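Let me begin by presenting the structure, written as C-alpha cells, before commenting on it.
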Amino acid sequence: MPASQSGIGVPPCAKPSVNNSPDVVHMIPSRYAKPWVYPLDLLPVMRPVDGPSRRFQPLDYPTTARDAAVDDFHGTQVADPFRWLESAEDPVVERWASDQDAVTSSYLGGRASYSYVVRRLAALGNFKETSSPVRAGAKRFVVRSQGSEEQPVLWLLAEVEGALDVELLNPNLIAEDGSVALTGWAPNEDGSLIAYSLAERGGDWQDIRVRDVASGEDLADVLRGSKSEEDLPFPSVAWHPNGTGFFYTRLPYAQAEASKDRYRNSQIYWHRIGTQQHLDSLVFENVEDPDENFVPIIAGDGRTLLLHVWKGLSHKHQVVVLPLDGQGDPVRLFTECDARFIFMGVTDERLVFQTNAGAPRGRVIGVDITRHEESNWIEIVPEQNDRIENAVLIGASVLVVSVRGSHHVVRIFNELGEVVHSIALPGVGTVSDISVDPMSHAVFMDFESYLQPPSILRHDLETGILSVWDATDVPFDFAPYGITHDVVVTADGASIPITLVHSKDIVLDHSHPTLLYGYGGFDVSITPTFNASRLLWLESGGIYAVANIRGGGEFGDAWHGAGKGQDKQTVFDDFAAAGDWLITRGYTSRARLVAVGESNGGLLVAATMLQRPELFAGVICSIPVTDMLRFHRFTIGHYWTFEYGNADDDPEQFRALYAYSPIHNVRAGIDYPPILVTTGENDDRVVPAHAMKFVAALQSVASAEERPRLLRYQSDVGHGLGKPRSKVLELDCAIYVFALESCGVATT
C-alpha cells in the first residue's frame, strides 16, 4: 500500500519502476511532488513549552452517532458502532469528516510553531529535481519537478549541443490546482509516440492517452479502465515493435463503483492506434480466477508477448507466454512454484527472471520456454548473502541492486555469475529508477540518502567510471548532521537494524525530540530516502530514527514471514523495542518520542500505541489500516489477505486479527498520547473509513481533559499518487506542528 510522500517516512510500497532493458518498456511512474514554494529561508528559534504531561485545552469534537451493527465471527459477537462512516459518499459522512478536519485545523493553526513551520517547509522545498533519462530510439525523456509547479512535467531532451529541451507533457496546464497528475508514460520503440496515463484528484483510476512526440499533440485515442496498483508498474503498456499499437491492462470500469468486481477480472486488450476503445481486441483473461491480475510485456525477441500474473500482494507470480502473432496456445510458466518472478529480458534465447524460488534472498535464472520445468532452469546469478532488491539485464551481464542491512549495494555480474565490478556509491543510500542507454553504453541510477538529495548517477559500462549526471541542489547546510547505524536486540533475540539521523554534536541526555518510523510488512525493505521536510525536524534539534523491523524484506523471506499473518504481533513488539532502546540509550525520553507510520505503517503505530500508550509523547498515523476484521471488503483490500489473513475464513486468523485490530482495541480509561490520524478523500486503496472509524473510537472514550485525538481529512487527494505540492505542504505542516507540540517544543 504505497503511502503519500510526506515528511514522516518513505513511500513504503511505491517501488520505483525500472526500464530493465531496451526490450522491456513499462509505464514509468512519475515522482511524488514536493511542497509548494515561497521565497523564505528562516532559521528556527526554539523555546520550550509545557511538556506532554500538561493539561490540554478541551476540544469540541463533532458529535459522532453510534449504530447497532454487530457481526458474528465464528461465534464471537463483535460490535461495530461506527460502521455508518464506511459510507464515504453519504453527505452526512462527508460533513462529519469536514467538521473533524476543521477542529484539527483550528487546533494546529493555534500552535506557536504553525506560522514558522508553514514558511520553513515551503522554503526547504524550493529546488528542482530530474529523473533518470529513458531512451527510446534516438530520443531521451526525463521527468522534471520544478520548485514552482504543482506537478512534475515530462520533457524531451535535446540531443544536439546548444539545442533546447522540449516540454512534452505538462499536467499543470490541464489543471492549475494540480488535481491532474501524470502517473505513467511509455514511449514506443522509436520514441515517436508516448502512451501516458493521467489521474484526477489522487484516485488510482486513470485514462491512457497517446501523444505524438514531434507535434506535441494528442491523438484521438482515450482508453478507460486502467488503475494504478501497489508495487507494480501498472497500468502497463506494452508497445508492439512495429509501433502500430499496444497491449494494456483493463478492468471493468463501467460497473458501479460499489461493486467489488470493479477491482477484479483483469483483462489484457490490444489497442490499434487511431481506433476507438470499443474496437479493442480482448487478448487474455481468466474467468475461472477473477482475482488474477495481468501486466503485458513484449519480450526482447520481438516475437513473444508475456503476461506477468500476480494475485493480491502475495508476491507469488506466474507468467503466461503468448506468440505475438496470435498463432499458438498460451503457455503458463511457474505453476508449480510459490515464488516471485520478475521478467528482466532475453539472452541466449532464454527468458531471464529475478526470483526467490529456491533462494530466499533471490537469484537470477534463465528459462527456455520449450523446456520450462525447474530442472531445466539455468542459474545466471546465484543467491548472495544480501537480499536482491532489483536486477537489470545488460547484454550478457546483470546489474544487481541488493539490500545490505538497511541500504543498497550495486554489483555487476558476468554470465558465469561472477562479480566483475562493484559500483562505489557516493554514500549509504538507495538506488532506484535504473535505466539502460545502449546508445551511450551507460546505466543511469537515481541515488539518494537521508542527508543526500536525489542525484542521477551515470555508470559508463565501457570504462567503469561513475559520475554525477544531474544533481539536486537543496537550500540547506547538511554539514552539521550525521547518521548513526546501530542494532536493537529484541526480547526474543532478533537484531533489528536502526538508523538515526541527527546533529553531529548530539549529547545523549534524553532531551531530543525523536520521530521513530517503521513499516514492517508486505516484504518491503526500508532503505534511506531523502525528504526535504524532515530537515526542519533536524534543525529544530530533532532525531529521525528508522527501525527495520520484521515483516519487511531486508533479510529475505524469513524476515518477512516472521512478521506476517498470525505472527503480526512481532512487528509491534519490534517497534516498541526500538522505542525502548532509544530511551535507554539516552537519545530521547517518553516525553520526546513520537511514533510515525503510513499505510501498513499506520497500522503499526496505531496498534503499538494501544498496546504501549505510555511509550510515546505523540503518534502520527497516516492513511492507516485499522479495521482488521473488514479490510478485505473494501476496494482492493482483498489483496492484503496474503499478508494479514482473513477473519471471515478462519477462526484462528480471526482471533489473531481481533487481538490487535486498532478499532477493536480502544479502551476507556487509558491515557493515550496525542494522536493525529490522516486520510485522503479519494483514497481507494486504504479507504478513509479506516482512519475515520479509528478516530471516532478514540474520541468516544476521551474525557474533556484528554489529549488531542485529531483527524486530518484532505479533499481531492488519494493514497498519495500524484498529490499536488500544495497538498503535500498542507499535510507536512500538520505533521510537524503536531510533532513539535507533542514533544513540548515550539519553533518561532
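The values are calculated or read from the model by the stated rules, or taken from the named source; none is laboratory data. Worth saying up front: this structure is predicted, and the values here are computed from it rather than measured. Here the Cβ positions follow ideal geometry from the backbone for every residue, glycine too, while neighbour counts run over all protein chains shown.
For the residues G225, G203, G184, the requirement of being closer than 18 Å to G718 by Cα and out of contact with any strand residue (DSSP E or B) (no Cβ under 8 Å at 6 or more places or on another chain) singles out G203. Does region 284-295 hold any residues that are without any contact (Cβ under 8 Å) to a residue 40 or more places away in the chain and either under 19 Å from R371 (Cα atoms) or not acidic (D, E) (or both), and which are they? Correct list: N286, V287, P290.
If only one of D221, D204, D177 is assigned by TED's automatic domain parsing to the domain that holds R272, modelled with pLDDT under 90, crowded, with 18+ Cβ neighbours inside 10 Å and not aliphatic (A, V, I, L, M), which one is it? Checking each option against the conditions leaves just D204.
Taken over region 237-266, the residue count meeting the criterion of being more than 23 Å from the chain's Cα centre (by Cα), aromatic (F, W, Y) and at pLDDT 85 or above is 3. Going through (1) polar (S, T, N, Q); (2) over 23 Å from A195 (Cβ atoms); (3) surrounded by 14 or more Cβ atoms within 10 Å (Cβ to Cβ) one by one, Q277 falls short only on (2). If you check G680, G637, G669, G645 for being in the same structural domain as A739 (by TED's automatic domain parsing) and surrounded by fewer than 20 Cβ atoms within 10 Å (Cβ to Cβ), only one passes: G669.
So which of S455, S397, S449 ends up being among the polar types (S, T, N, Q) and either touching an Asp or Glu at 6+ places or on another chain (Cβ under 6 Å) or over 30 Å from D505 (Cα atoms) (or both)? Steps first, please.
On the way: S455 fails: either touching an Asp or Glu at 6+ places or on another chain (Cβ under 6 Å) or over 30 Å from D505 (Cα atoms) (or both); S449 fails: either touching an Asp or Glu at 6+ places or on another chain (Cβ under 6 Å) or over 30 Å from D505 (Cα atoms) (or both).
Of the residues listed, the single one that is among the polar types (S, T, N, Q) and either touching an Asp or Glu at 6+ places or on another chain (Cβ under 6 Å) or over 30 Å from D505 (Cα atoms) (or both) is S397.
Looking at G561, G552, G482, just one residue is in contact (Cβ under 8 Å) with a residue 12 or more places away in the chain and within 25 Å of the chain's Cα centre (by Cα), and that residue is G552.
Exactly one residue out of R404, R387 is within 30 Å of A547 (Cα to Cα), in contact with a Phe, Trp or Tyr (Cβ under 7 Å, 6 or more places away or on another chain) and outside the structural domain of S540 (by TED's automatic domain parsing), and it is R387.
Looking across region 47-100 at every residue that is hydrophobic (A, V, I, L, M, F, W, C) and closer than 30 Å to A591 by Cβ, the one that is modelled with the lowest pLDDT is identified as V49. Please go through region 422-437 and pick out each residue that is at negative phi and acidic (D, E). Within region 422-437, just D437 meets the criteria. If you scan region 539-571, which residues turn out to be more than 18 Å from E389 (Cβ to Cβ), of a type in the set (A, V, I, L, M, F, W, C) and buried (at least 24 other Cβ atoms within 10 Å of the Cβ)? Those that are more than 18 Å from E389 (Cβ to Cβ), of a type in the set (A, V, I, L, M, F, W, C) and buried (at least 24 other Cβ atoms within 10 Å of the Cβ): A545, A547, V571.
Taken together, the residues in region 655-665 that are crowded, with 22+ Cβ neighbours inside 10 Å and farther than 30 Å from G722 by Cα amount to 1.
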